[in-house]
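Have a look at the structure below, then the notes.
Throughout, read-outs are computed from the coordinates displayed, never taken from laboratory work. Bear in mind that the values here come from a model prediction, so they are computed numbers and not experimental data. Backbone-built Cβ (ideal geometry, glycine too); neighbour counts: all protein chains shown.
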Amino acid sequence: MGVNLHAVERMRGAAQVILRRDFERDMQNHIRFLNDCGVTGDSVGVYISKNPFIFTQDLDNLEVRINYLFSKQFTTDSISRILVKNPRWLMHSTEDIDRRLGYFQQNFLLKGDEVRFVATRQPKLITYNLDHIRDTRFAVIEEMGFTVDESKQIILRKPKVYTLNRRSLVERFDYIHNTMGIGHGLIIEQVGSLLSRLSRLKQRHQFLALLGRNIYDPAQPGYISLVDIVAGDDSCFCSRVAKTPTAIFNKFLKTL
């Protein structure tokens, strides 16, 4: 099945879960259940490698958890993606998932289809530590100055932002907004830039400033977007954005 045994061995108690079970009696039906939920082929091995504890769960309970998602109008494809992207989803009770989905709906003012969209696009966000989500949302609104509606736009455009370390997120925003001079509106449109390392932002912005090409106003000739700045490796950045040889950029980096 392609199970990564090294990954399983690194999980506390996971190896015992596998070794103590008879395949036909204790595991085969769980695998068939996963197949029925859209976890097939190589995905089964990856799933078990990341969550061998699925075999400790009662099949009837697992069925209830899947039926709950159907009752909330998640599609078969959505459920398949959720399980593949977040193998530990099914370890959470129906009550816990319902509470978590309700949290996101209420605090981010999401409609039903928007909750399903976020859960399907970034399944790990739903089962993430909710205290962390609360802290990050507080930082987005109170420290970074986004409105409640803009905090909603962020979770719809790039939900992974809310899993970032709060301090790192605020530092990246501060640099983009206060040093590079880019407003909230443009950051929202290119919010994926907040996922980029601060060091990359600094290096590339400073190099563009040295070249006189740090033009971040869309209305100005020679405009360079945040997406352009953070995308690709150094070679791609130099050829497509800075339009200088990579050797010159590497020489510049040595001066920092």
### Query
What would the Debye formula give as log10 I(q)/I(0) at q = 0.15 Å⁻¹ for the alpha-carbon point model of the range 196-256, no solvent?
-0.39
#### Entry: For the chain, calculated [θ]222 nm from helices alone, where every DSSP H run of n ≥ 4 adds -39500 (n - 2.57)
-16000 deg cm²/dmol
### Task
Subtracting the Cα-Cα distance from 0.36 nm times the residue separation, let me have the gained length for A15 to R32 in nm, one decimal.
4.0 nm
### Query
Using +1 on the beta carbon of Lys and Arg, -1 on that of Asp and Glu, and nothing else charged, what's the dipole of the range 1-91 about the Cα centre, debye to 20?
380 debye
### Query
Taking 0.36 nm per intervening residue step and subtracting the Cα-Cα distance, what contour gain separates R240 from A7 on full extension?
80.0 nm
### Message
I need E114, E95 ordered by Cβ neighbour count within 10 Å, fewest first.
### Response
E95, E114
#### Entry: Reachable lysines, given that their alpha-carbon falls under 30 Å from the alpha-carbon of K202 and they are not under 8 places away in the same chain
K124, K152, K158, K160, K243, K251, K254
### Task
Please name which of L208, V161, N178 has its Cα lying farthest along the dipole of the chain towards the positive end, using unit charges on Cβ (Lys, Arg +1; Asp, Glu -1) and the Cα centre as origin.
L208
### Task
Calculate one ³J(HN,Hα) per residue across the range 171-179 by plugging θ = phi - 60° into the Karplus curve 6.51 cos²θ - 1.76 cosθ + 1.60, and present them in order as whole Hz with x for glycine and proline.
5, 5, 4, 4, 5, 5, 7, 8, 8
#### Entry: Cα-based reach from K72 at 18 Å (exclusive), listing aspartates and glutamates while leaving out same-chain residues under 8 positions away
E63, E95, D96, D98, D113, E114
### Task
Would you work out the charge dipole size for the chain about its Cα centre, treating the Cβ of every Lys and Arg as +1 and the Cβ of every Asp and Glu as -1, and quote it to the nearest 20 debye?
820 debye
### Message
Sort T136, T56, T120 by Cβ crowding within 10 Å, fewest neighbours at the top.
### Response
T56, T120, T136
### Query
What FRET efficiency do you get for K124 and A209 if R0 is 30 Å and r is their Cβ-Cβ distance, rounded to the nearest 0.05?
0.25
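Where in the range 154-256 are there chymotrypsin sites (Phe, Trp or Tyr not before Pro) that are in a DSSP coil and have at most 16 other Cβ atoms within 10 angstrom of their Cβ?
For chymotrypsin sites (Phe, Trp or Tyr not before Pro) across the range 154-256 that sit outside H, G, I, E and B with at most 16 neighbouring Cβ atoms in 10 Å, the list reads Y223.
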### Task
Scan the range 59-141 for trypsin sites (Lys or Arg not before Pro) in coil per DSSP, keeping those whose Cβ has at most 10 other Cβ atoms within 10 Å, and list them by number.
K111
### Task
Starting with the fewest neighbours, write out S193, S49, S225 ranked by other beta-carbon atoms found within 10 Å of each beta-carbon.
S225, S49, S193
## Note on the structure
Which of (1) 66; (2) 46; (3) 56 is the computed percent of Cα pairs over 25 Å apart? It is (3)
#### Entry: the range 155-210: trypsin sites (Lys or Arg not before Pro) in DSSP loop, at most 12 other beta carbons within 10 Å
R197
